[in-house]
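All remarks here apply to the structure that follows.
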Amino acid sequence: MENHENCIFCKIVAGIIPCQKVYEDDEVFGFKDINPAAPIHFLLIPKRHITTLEADAPLDAQLLGRMMALAPRLAVEQGCRPGREGGFRLSLNNGADGGQEVYHTHLHVMGGPRPWNK
Ligand code: AMP
Ligand code: ZN
């Protein structure tokens, strides 16, 4: 597995930097955001170091789809209210103009009662 030594999220996957893990399988890792923008805020990342959606080794549609498909179950596990009255927000900041700060692609999952911080 590609593991970039200077990548904070690769270090989290490798257990070098601690995190509050919410999910792990062969390809995907999930952990709570250290600076939550909502009462519930966690990140889903590919274990493989993929910088952006248009990177040389892009996030393939199947893996991206799996990450999105995991979100509803994990959101409820983390305390989001299920169904239409509850729900969550997914966001993926891609590139500088997209507001990306960590260049290891990640899907934000945010939920919980409003108001949110951002
Ligand atoms: P983005 O602007 O989409 O690149 O967001 C990066 C996110 O990573 C931010 O919401 C940060 O709070 C979060 N983050 C940065 N470092 C850590 C860390 N060590 N553990 C958990 N979340 C982090
Ligand atoms: Zn990485």
Completion exercise
With DSSP loop assignment and no more than 13 other C-beta atoms within 10 Å, the GluC sites (Glu not before Pro) in the stretch 66-105 are E85, E101
Practice task
Quickly estimate the mean residue ellipticity at 222 nm for the chain, helices only: each DSSP H run with n ≥ 4 gives -39500 (n - 2.57), and the total goes over all residues, rounded to 500.
Solution key: -6500 deg cm²/dmol
Practice task
Mind giving me the nanometre distance, one decimal, between the label points for A37 and A61, set 7 Å out from Cα along Cα→Cβ?
Solution key: 2.7
Problem - Square roots of five times the Cα gyration tensor eigenvalues for the stretch 8-111, Å - result: 21, 15, 14
Practice task
Quickly work out the E77-to-K21 label distance, labels modelled 7 Å from Cα along the C-beta direction, and quote it in nm with one decimal.
Solution key: 1.1
Practice task
Please work out the average accessible area per residue across the chain, using the 1.4 Å probe convention, and give it in Å².
Solution key: 59
Problem - Among 104-112, 62-70, 20-28, the order from most to least packed when residues are scored by Cβ within 10 Å on average - result: 104-112, 62-70, 20-28
Completion exercise
The farthest towards the positive end of the charge dipole of the chain, of the residues C19, G112, N35, given +1 on Cβ of Lys and Arg and -1 on Cβ of Asp and Glu, is G112
Fill in the blank from the handout: Taking r as the C-beta separation of M68 and W116 and R0 as 22 Å, the FRET efficiency to the nearest 0.05 is 0.60
Completion exercise
Within the chain, the cysteines whose Cβ lies no closer than 4.7 Å to any other cysteine Cβ are C19, C80
Practice task
Taking the chain as the reference, fit the longest principal axis to its C-alpha atoms, fit the long axis of helix 61-77 to the helix C-alpha atoms, and give the angle between the two in degrees, 0 to 90, nearest 10.
Solution key: 40
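The values are calculated or read from the model by the stated rules, or taken from the named source; none is laboratory data. For clarity, every value in this text was computed on a predicted model and none was experimentally measured. Positions of Cβ are backbone-derived with ideal geometry, glycine not excepted, and every protein chain shown enters the neighbour counts. Only protein heavy atoms, including side chains, enter the accessible area calculation; ligands, DNA and RNA are left aside. Shrake-Rupley method; radii C 1.70, N 1.55, O 1.52, S 1.80 Å.
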